[in-house]
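Asks: One structure is given below, represented as structure tokens, and several questions about it will come after.
The values are calculated or read from the model by the stated rules, or taken from the named source; none is laboratory data. Predicted, not measured: the structure shown is a model, and the values here were computed from it. No Cβ is skipped: glycine too gets one built from the backbone with ideal geometry, and neighbour counts run over all protein chains shown.
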Amino acid sequence: MDILKIAEENQQRTWQIVEQSGVILLWESIEATVYIVGSLRSGLLMKNRDIDIHIYTDRVSLTESFGVIQQLAERLFLRELTYMDLRDTEEECVE
């Protein structure tokens, strides 16, 4: 088992999912800046094809954000979605 080959194949497939889902374009459509982070960015995908994304906006709009999530849910098979409103904390974010 060549772990580098597995990682490369997983990374290629995961980038296809990113492209086909339009996830980056959807977030950019609400003027967000998108950063791919984690194992996809580092190229260390092995057992799971995790797609970790950090999204930054000048303002937080739950309506717009959930609109993007709705579109993604219609395009992808999402088993679970976790939401945390941390706007009133030091992080000042939504996760």
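Asks: Do you know which residues across segment 21-54 are assigned to a helix (DSSP H, G or I) and either in contact with a strand residue (DSSP E or B) (Cβ under 9 Å, 6 or more places away or on another chain) or modelled with pLDDT of 85 or more (or both)? Walk me through it before giving the result.
Replies: So the first thing to find is which residues in segment 21-54 are assigned to a helix (DSSP H, G or I), and the list is 21, 23-28, 38-42.
Passing the criteria: Ser21, Val23, Ile24, Leu25, Leu26, Trp27, Glu28, Gly38, Ser39, Leu40, Arg41.
Asks: Taking Glu80 as the residue in question, decide whether it is assigned to a loop (DSSP other than H, G, I, E, B) and in contact with a Ser or Thr (Cβ under 7 Å, 6 or more places away or on another chain).
Replies: The answer is no for Glu80.
Asks: Could you check how many residues of segment 1-57 are of a type in the set (Asp, Glu), more than 21 Å from Glu95 (Cα to Cα) and without any contact (Cβ under 8 Å) to a residue 12 or more places away in the chain?
Replies: So the count comes out to 3.
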